[in-house]
Amino acid sequence: MTAHDLKPHLSLRGHARSHRSGAVPESSTMPVGAGLSAKRPAQEIEISLAEQLADLAVEALIDEADLSPKPGLVDRRSSGAHTDMTLALMHASALALWPCLRQMAEAAQAYSEIGLPLRAELGRIGREGEVAMLATTGGINTHRGAIWALGLLVAAQALDPQAEPMAVAARAGRIALIEDPAAPVQPSHGSEVRQRYGASGAREQAQQGFPAVLEHGLPQLRRSRAAGASESQARLDALLAIMTALSDTCVLWRAGPQGLKALQSGARAVLDAGGSASLDGRRQLRQLDAQLLQLNASPGGAADLLAACLFLDKAGSL
């Protein structure tokens, strides 16, 4: 990592510290390097592996939030199907998770192997991270699924920093298969949807090694880049590819099987029309967005997995 690369990472840590009190920033556009001290040049500051991984995870969350136009989701245009979320809130929530994600990476380094002790520690840190998130957002669940997905991936990457995405995801799956003895037994939207429709959610995606990411999101991201799409267009295509394969419990909760069918078929129509880089694809994307808004359906599960996809894509260059 070069000295030039340090600026965005350091600014994330500065912002994360400033938001531990739960304050939401007035603006969602903060200047890069705002958290840097003017007294010390960036090249003199050492960054630990755990800090680098936390930086990449938070960057993935912010990149996902900023990506536009996302059907039914909070982005730079609007709040999508949400009445309680804004882009500034998504940024603040992501930054508030930096300490939690760093601690998860540090826990993996400390335990150095997959087992119940590491799983229990990750669960404890994750619950504390959720408390910090809810304090920042005023009780709004912005990133609960992302804490689970990115926490596992950060820990798995910390166990072997040079591992390829497939190996990292498989290792995260092994961790996810271990039951956390201290996990509270309480109903959630995801558990209710699984019981009602038999759909697999974030828990199962992780336990299976994130197949929607490895088999759909990452390959599409790379195909679109290779075809000449811009980075934003490639990321939109990756999101759509994940949508085609995921039984998104967020959509099922809000709009039932009808909403899920609309999501999956609509996302496939965009990709079949040439993706978000093509004129026909953009038309299909607008239609999908309008349909999801009409159904009040927000594919939050797919958004969390896009963040996981972007993390794996970036972490491979460490």
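Summed over segment 78-91, the residues that are among the hydrophobic types (A, V, I, L, M, F, W, C) and crowded, with 22+ Cβ neighbours inside 10 Å give a count of 3.
Scan SER265, SER230 and give me the residue that is at pLDDT 95 or above, closer than 20 Å to GLY72 by Cα and out of contact with any helix residue (DSSP H, G or I) (no Cβ under 6 Å at 6 or more places or on another chain). Walk me through it before giving the result.
Working: SER230 fails: closer than 20 Å to GLY72 by Cα.
After ruling out the rest, the residue left standing is SER265.
Checked against (1) farther than 20 Å from LEU61 by Cα; (2) in a helix (DSSP H, G or I); (3) within 20 Å of the chain's Cα centre (by Cα), ALA163 passes all but a single condition, namely (2). Note on segment 278-318: residues that are part of a loop (DSSP other than H, G, I, E, B) and under 23 Å from the mean Cα position of the chain (by Cα) amount to 7.
What do you reckon, is ALA96 more than 25 Å from VAL74 (Cβ to Cβ), of a type in the set (A, V, I, L, M) and surrounded by 20 or more Cβ atoms within 10 Å (Cβ to Cβ)? No: the conditions fail for ALA96. Cβ contacts < 6 Å: first residue at negative phi, restricted to segment 105-118; second residue at pLDDT 95 or above and acidic (Asp, Glu), any location; separation 6+ or different chain. Result? The qualifying pairs are ALA107/GLU121.
Filtering segment 51-69 to residues that are closer than 13 Å to MET104 by Cα and of a type in the set (S, T, N, Q) leaves only GLN52. Only residues that are touching a helix residue (DSSP H, G or I) at 6+ places or on another chain (Cβ under 7 Å), surrounded by fewer than 22 Cβ atoms within 10 Å (Cβ to Cβ) and not aliphatic (A, V, I, L, M) were counted across segment 113-125, and they come to 2.
Just a yes or no: is a residue in segment 186-193 outside any helix (DSSP H, G or I), among the acidic types (Asp, Glu) and closer than 25 Å to ASN141 by Cβ? Among the residues of segment 186-193, not one is outside any helix (DSSP H, G or I), among the acidic types (Asp, Glu) and closer than 25 Å to ASN141 by Cβ, which makes the answer no.
Of the residues making up segment 227-254, those that are surrounded by fewer than 24 Cβ atoms within 10 Å (Cβ to Cβ) and of a type in the set (A, V, I, L, M) are ALA227, ALA229, ALA234, ALA245. If the condition is being charged (D, E, K, R) and surrounded by 20 or more Cβ atoms within 10 Å (Cβ to Cβ), then segment 255-292 contributes only ASP289. Which one is surrounded by the fewest Cβ atoms within 10 Å (Cβ to Cβ) among residues in segment 144-175 that are touching a helix residue (DSSP H, G or I) at 6+ places or on another chain (Cβ under 8 Å) and without any contact (Cβ under 8 Å) to a residue 12 or more places away in the chain? For segment 144-175, the residue satisfying everything is ASP160.
Taken over segment 80-139, the criterion of being of a type outside the set (A, V, I, L, M, F, W, C) and either at pLDDT below 95 or not in a helix (DSSP H, G or I) (or both) is satisfied by GLY80, HIS82, THR83, ASP84, THR86, SER112, GLU113, GLY115, GLY138, GLY139.
Restricting GLY300, GLY274, GLY256 to those that are touching a residue at least 60 places away in the same chain (Cβ under 8 Å) and not aromatic (Phe, Trp, Tyr) reduces the list to GLY300.
Quick one: would you say GLY209 is over 16 Å from the mean Cα position of the chain (by Cα), outside any helix (DSSP H, G or I) and modelled with pLDDT of 95 or more?
On the way: over 16 Å from the mean Cα position of the chain (by Cα): no; outside any helix (DSSP H, G or I): yes; modelled with pLDDT of 95 or more: yes.
So GLY209 does not fit the description; no.
Restricting attention to segment 66-85, the residues being under 23 Å from GLY217 (Cα atoms) and either in contact (Cβ under 8 Å) with a residue 60 or more places away in the chain or touching a Gly at 6+ places or on another chain (Cβ under 6 Å) (or both) number 10. Inspect segment 59-77 for any residue being buried (at least 23 other Cβ atoms within 10 Å of the Cβ) and in contact with a Phe, Trp or Tyr (Cβ under 8 Å, 6 or more places away or on another chain) and give the result as yes or no. For segment 59-77, residues buried (at least 23 other Cβ atoms within 10 Å of the Cβ) and in contact with a Phe, Trp or Tyr (Cβ under 8 Å, 6 or more places away or on another chain): present.
Among the conditions (1) in contact with an Asp or Glu (Cβ under 6 Å, 6 or more places away or on another chain); (2) under 27 Å from ALA255 (Cβ atoms), the only one that HIS82 does not satisfy is (1).
The values are calculated or read from the model by the stated rules, or taken from the named source; none is laboratory data. Worth saying up front: this structure is predicted, and the values here are computed from it rather than measured. Ideal geometry is used to build each Cβ from the backbone, glycine not excepted, and the neighbour counts take in all protein chains shown.
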